[in-house]
Amino acid sequence: MKLKKVLPVVLCSLLLTGCWDKIEIDRKIFISIIGIDLGKDAINDKDIKKVKSNEPFQERISNKKLSITYGFPDISALGPGNTGNTQDKYLSVDAASMEDSVLKVTGKSSRTIHLGQTKLLIINTGILEQPEIFKEILDYLERHPNLNKMMQVVVADGNVENYVKYKPSMEKSIENYLSGLMESSKRNATVQPVTLNDMIVRLDQVGNIIIPKIGIDKEKKDIILSGVAVIKNFKLKGYLTPIEVADLELIKGKVNGGKRVIYKDGHPVDINIEDIERKVKLGGDKNKLQFNIKIRMEGQLREFYKGKEVFSKTELNSLENNFSESITEECNIIVKMLQKEFDADSIGLKQYVEKYKPSLWNEIKNNWDEAYKNADINVNVQVKIRRVGVTK
Amino acid sequence: MNEKLEFVGKYGLFSTIVVTVIGVGVFSYPNVMASDVGTDGWLVTIVAGFICFMSLYLMYKVVDKNGYITLYEIMENTVGKLLSKILALILAGYFIIEVSIGMRIFVEVIKMYLLEQTPTEFILVVMIFTGLYLVRGEITALVKFNEISFVIMFVPIIIVLVFSTRGGDISNVLPILQHSPKEYFSGLIDSAYSFAGFEIAFLILPFMKEKKIIKKTIMESMIFITIFYILVVILCLMFFTKDHTRDLLWPTITLIRAIVIPGSFIERWEGIVMTLWVLFYFTTFVNFYYFSGELVKKAFRLNDIKISSLILVPIIYLTALYPQNIAEVYSMSKKSTPFFITFSFIFIPVILLIIKGNRKKGEGM
């Protein structure tokens, strides 16, 4: 009796409801890399500006502002029997916007695009020269609900397609290769990886960010990390080399690991940085800010010269002093460069004032750029060699 | 009263208040706080939590003084038949608008993250009927459901939030106390609005087994809610900073989606977020729905909540479909907020207490 009542209900729910969102997994492309390049029409956009927003057929203004490459693993090669060995494939389109490119790629392929698994975003340096276009792209990336916000972002010189096509010798795909590369450079405390989330947050919060830059080593045909790009107000300000980045990270006080070297009597002396502590002190008034950044580093001596003994207080002290002076000098040069040439507060002094000196911040927040440019910034580094290894 | 069984225990009251108050609001709460008072959201939350506790305490006093009868009976005894009908209908209307706005937000988010092609109307209907089914199970089923969902909701979300502490910077919570009193006031109103739902105490208190533990339990539940809100606000500030939290419509969802666990043994948390999203909304929805059903039943002298809840179905459906887009949903909720929370947090308990007090004196008791 009960069955007779229940059965129609079960049948109804099975037969009368439908699934609107059914997509088979083999009908999907899981995009792993997005490469964004400037298109042909990027620079002359005078025609677009003439278009009124209520005109008909605006879709026809098919301008090729962006050229976007999507890389994805070929999952059709995966299956029972052959595990995990897939080659990356890629699709490249010219489009007016990011969403346009997704539609065009869908039109070009037999599958639907899925962006939730993207691991790497490569932005061409040309994009960064065009703040308007860069803002359009950022808004898309920020607004998209399903995009993987933790994908890594790199800036690339030259045609992005070449990077997406690149077959690294160590890893199966470029996104794994690059993330590994950055992971190990993190240990050397040079170029720090940046995620999409970091980028969006930093640009919202302080208006500037440094993004790792990759380039192709022409002789060896290798992809290398060639430094970082400094971006301020959505515009490229310049590049820093890995050595300069190492100093910058030091000033930010965010280094864990890494090594430093000085030459003494023609021999390299290496220390490993094990611990670092940064203290910022703010003096002066609203007309002239004075930042004193004190950095205390602790390290271990790794390499000296056989036959020379360092196991004495005076010897170590003199080494420490040499290191301190050399690094202090370096840091001050970098700070001046960021301040005067790049005009970008990559150290995070703005946040420091905002967080810890709120009353001063209220006075200067409207002309922070000016105040930063005129500020006196002094970096003072103190190196302590705590350990010397197991020989004297 | 046919269902005058005293079956609700300490945990039943606690979980009912918590799951009713914490709804989908928690996913947008950091955004509201960051827009109003920047980094001071957590401070405002504490104050708002305290104010709401005072209001809840008044409600408890009202029920206590009247000898644990239902809200409608209390109103009938104190303000008379006609006025109590009007008050009950305003209150029911407020609950309906509240759940409908919540319903629309719920559906919009589900459509964005999960069911892109599924029609809004379909999700609405499924959700309302599921709620209806539970409401028809009467109050015993409702409280049992709350008790079970409390565990299902809060154990996972607290684990998830612990993971999300990675990568945040606690100094983003600074500076504190840098806003004008006006900003704090509007923040306080918005924050208090996020506590809406503790009026459910009127529904539950008459069914309490032990009356002694009520005071302590309502305090515990309010403390739990306040701490949970503070946790969410601080995590979002740590991770996104106040500038970006202002831009995000649902910072908590974005936060959970952005979790990266080293070694990535779990990636892609959307599934978990959406499960929580459904549960958080559904518990708020059914509790409000039941309460308004109860009020409508009493006001129109219907003999069963099964009928009154059925009457409410089309009203909820239409109100939820009324706004044109998500921006209008939020502006609608912002407009109706101040009136409704003053009405239900302050006006109802205070007026019932005052009139009751006067009556007592007049009767010479």
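Descriptive notes on the structure:
- Compared with the alpha-carbon gap, the fully stretched path from A:H144 to A:K235 is longer by 30.5 nm at 0.36 nm per residue.
- Based on the reciprocal of the average 1/r between different C-alpha atoms, the Kirkwood radius for chain A equals 24.6 Å.
- For B:W42, B:W250, A:W20, order by how many other beta-carbon atoms lie within 10 Å, fewest first: A:W20, B:W42, B:W250
- For the stretch B:207-306, radius of gyration divided by Kirkwood radius, i.e. Rg to Rh on alpha-carbons: 1.13
- Cα-derived Rg to Rh of the stretch B:113-228, Kirkwood definition: 1.04
- Number of partner chain Cβ atoms within 10 Å, mean per residue of A:351-361: 3
- Translational diffusion coefficient of the protein assembly as shown (Stokes-Einstein, Kirkwood radius from Cα pairs, 25 °C, 0.890 mPa s): 82 µm²/s.
- DSSP-defined antiparallel bridges as percent of all bridges, the protein assembly as shown, nearest 5: 65 percent
- Taking every alpha-carbon pair under 8 Å whose residues sit at least 6 apart, chain B reaches a relative contact order of 42 percent.
- Summing Lys and Arg as +1 and Asp and Glu as -1 over all other residues whose Cβ lies under 12 Å from the Cβ of A:P358 gives a net charge of 0.
- GNM result for chain A, Cα springs below 10 Å: residue of A:N332, A:N374, A:N197 fluctuating most strongly: A:N374
- Fewest-first sequence of B:R257, A:R278 by Cβ atoms within 10 Å of each Cβ: A:R278, B:R257
- Working from the Cα coordinates of the stretch B:73-129, the gyration tensor eigenvalues give, after taking √(5λ), semi-axes of 37, 9, 7 Å in decreasing order.
- Using Cβ point charges alone (K and R +1, D and E -1), the dipole size of chain A about the Cα centre works out to roughly 1000 debye.
- Positive-end extreme of charge dipole, the protein assembly as shown - chosen from A:P73, A:H114, A:N63 (charges on Cβ): A:H114
- About its Cα centre, the stretch B:137-281 has a charge dipole of approximately 360 debye under the convention of +1 per Lys or Arg Cβ and -1 per Asp or Glu Cβ, with nothing else charged.
- Ordering B:Y229, B:A201, B:F240 by Cα displacement along the dipole of the stretch B:195-244 toward the positive end leaves B:A201 in first place; charges were set at the Cβ atoms of Lys, Arg (+1) and Asp, Glu (-1).
- Inverse mean reciprocal Cα-Cα distance (Kirkwood Rh) of the stretch A:280-320, Å: 13.7 Å
- For the stretch A:298-311, 3J(HN,Hα) per residue [Karplus equation, 6.51 cos²θ - 1.76 cosθ + 1.60, θ = phi - 60°, Hz, x = Gly/Pro]: 10, x, 10, 6, 10, 8, 9, 8, 4, x, 9, 9, 10, 7
- Between helix B:81-113 and chain B: long-axis angle, C-alpha atoms, 0 to 90°, nearest 10: 20 degrees
- The stretch A:149-189-the stretch A:305-336 distance, computed between alpha-carbon centres (Å): 35 Å
- Between helix B:348-363 and chain B: long-axis angle, C-alpha atoms, 0 to 90°, nearest 10: 20 degrees
- A:Y305/A:N159 FRET efficiency (R0 35 Å; Cβ-Cβ; nearest 0.05): 0.15
- Note on the stretch A:117-188: Kirkwood radius taken over Cα pairs, Stokes-Einstein applied at 20 °C and 1.002 mPa s, translational D equal to 158 µm² s⁻¹.
- Calculated on C-alpha atoms, the gyration radius of the stretch A:232-382 divided by its Kirkwood radius gives an Rg/Rh of 1.05.
- Relative exposure of B:I354, A:I75, judged by other C-beta atoms within 10 Å (fewest first): B:I354, A:I75
- Spin-label pair A:S13-A:F57: with each label point 7 Å from Cα along the Cα-Cβ axis, the two points sit 5.2 nm from one another.
- Whole-number D in µm²/s for chain B (Stokes-Einstein; Kirkwood sum over Cα pairs; 20 °C, 1.002 mPa s): 102 µm²/s
- Dimensions (Å) - the stretch B:36-193, Cα atoms, principal axes, largest first: 56, 45, 28
- Nearest-ten-degree value, helix B:10-21 long axis tilted from longest Cα axis of chain B: 60 degrees
- Modelled FRET efficiency - R0 41 Å, A:K373 with B:K335, Cβ distances, 0.05 increments: 0.35
- Charged side chains reduced to their Cβ positions (Lys and Arg at +1, Asp and Glu at -1) give the protein assembly as shown a dipole of some 1760 debye around its Cα centre.
- Segment B:F7-B:I148, extension gain: residue separation times 0.36 nm, minus the distance between their alpha carbons: 49.2 nm
- Take the Cβ atoms of B:T130 and B:R301, set R0 to 25 Å, and the FRET efficiency comes out at 0.35.
- Simple label model, 7 Å out from Cα along Cβ direction - B:I311 to A:K135, nm: 5.4 nm
- Estimated Rh, the stretch B:112-179: Kirkwood, alpha-carbon pairs, angstrom: 16.3 Å
- Compactness of the stretch B:4-90, taken as the C-alpha radius of gyration over 2.2 N^0.38 Å, stands at 1.43.
- Average partner coverage of B:94-107, which counts Cβ from other chains inside 10 Å: 0
- Ranking A:I385, A:Y239, A:P168 by Cα position along the charge dipole of the protein assembly as shown, where only Lys, Arg, Asp and Glu carry charges on their C-beta atoms, puts A:I385 farthest toward the positive end.
Bear in mind these aren't lab numbers, they're just calculated from the coordinates by the rules spelled out. Just so it is clear, the model here is predicted, and its values are computed rather than measured. Because the Cβ atoms are built from the backbone with ideal geometry, glycine has one as well, and the counts that use them run over all protein chains shown.
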